[in-house]
1. Here is a list: 80, 151, 62, 72. Which entry is on the phi < 0 side of the Ramachandran plot, at pLDDT below 95 and assigned by TED's automatic domain parsing to the domain that holds residue 22?
2. Could you please find all residues in the range 9-28 being surrounded by fewer than 21 Cβ atoms within 10 Å (Cβ to Cβ) and in contact with a helix residue (DSSP H, G or I) (Cβ under 7 Å, 6 or more places away or on another chain)?
3. Taking the criterion of being free of Cβ contacts under 8 Å to residues at least 60 places away in the same chain, assigned to a loop (DSSP other than H, G, I, E, B) and within 25 Å of residue 151 (Cβ to Cβ), would at least one residue in the range 28-47 satisfy it?
4. Return yes or no: is residue 103 not assigned by TED's automatic domain parsing to the domain that holds residue 28 and not in a helix (DSSP H, G or I)?
5. (1) at pLDDT below 95; (2) under 14 Å from the mean Cα position of the chain (by Cα): which one isn't true of residue 40, the others all being true?
6. With the checklist (1) over 20 Å from residue 11 (Cβ atoms); (2) in a loop (DSSP other than H, G, I, E, B) in hand, flag the one item residue 76 doesn't pass.
7. Out of everything in the range 79-100 that is without any contact (Cβ under 8 Å) to a residue 40 or more places away in the chain and part of a loop (DSSP other than H, G, I, E, B), what residue ends up being surrounded by the fewest Cβ atoms within 10 Å (Cβ to Cβ)?
8. I'd like the full set of residues that are assigned to a helix (DSSP H, G or I), closer than 17 Å to residue 91 by Cα and touching a helix residue (DSSP H, G or I) at 6+ places or on another chain (Cβ under 6 Å), limited to the range 107-138.
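The values are calculated or read from the model by the stated rules, or taken from the named source; none is laboratory data. Just so it is clear, the model here is predicted, and its values are computed rather than measured. Every residue, glycine among them, receives a Cβ derived from its backbone with ideal geometry; neighbour counts consider all protein chains shown.
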C-alpha cells in the first residue's frame, strides 16, 4: 500500500507521531500534507488528513472545522479507492465515525441541536459498520454520545 502511495506512507508516519505523543510534530506533518494536496487532492488522502488533524486540535472549534473537512472529503471516496488503500470495508462504514466525531464536536462547542443531528446520522449509518472491534467501538461511542446528550435508548 505505502510503497505505491508515498502520501499514504507520510500519513502513516504522521499518525505514528500522534500515537506516540508527538502531537506538535504530527500536526506539522499533517498540515504540510494538507497544503500539498490542495482542494482537488485525492479525497481519501484529504479525509485521512482532516480526520486525524481534528483529533490533534486543542481548540474544539478547530476540531470541528477539521471534522467538517473530513466529512466533506469522504463524499469523493469510492469503495474501489478505499480498497486499493487497504481498507477492509465499504466507504459507507466511514460515516458513523465521522458523524460521531462531529456530534462530539458540536456537543463540546455547545450546539446540542447539531450534535443530535449528527448522532442521528451516525446511528442511521451504523448498519454499515463491521461486526468487529472497530464496529463495537464506534457503536459504543454513539451510545455514549446519546447518553451525554440525554437521549433515551441511544
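1. On the way: 151 fails: assigned by TED's automatic domain parsing to the domain that holds residue 22; 62 fails: at pLDDT below 95; 72 fails: at pLDDT below 95.
Just one listed residue meets the conditions, 80.
2. Step one: filter the range 9-28 for residues surrounded by fewer than 21 Cβ atoms within 10 Å (Cβ to Cβ), giving 9-10, 12-13, 15-25, 27-28.
Correct list: 10, 13, 15, 17, 18, 25, 27.
3. no
4. Values: not assigned by TED's automatic domain parsing to the domain that holds residue 28: yes; not in a helix (DSSP H, G or I): no.
So residue 103 fails the test.
5. (2)
6. All conditions pass for residue 76, except number (1).
7. 90
8. 121, 122, 123, 125, 126, 128, 138
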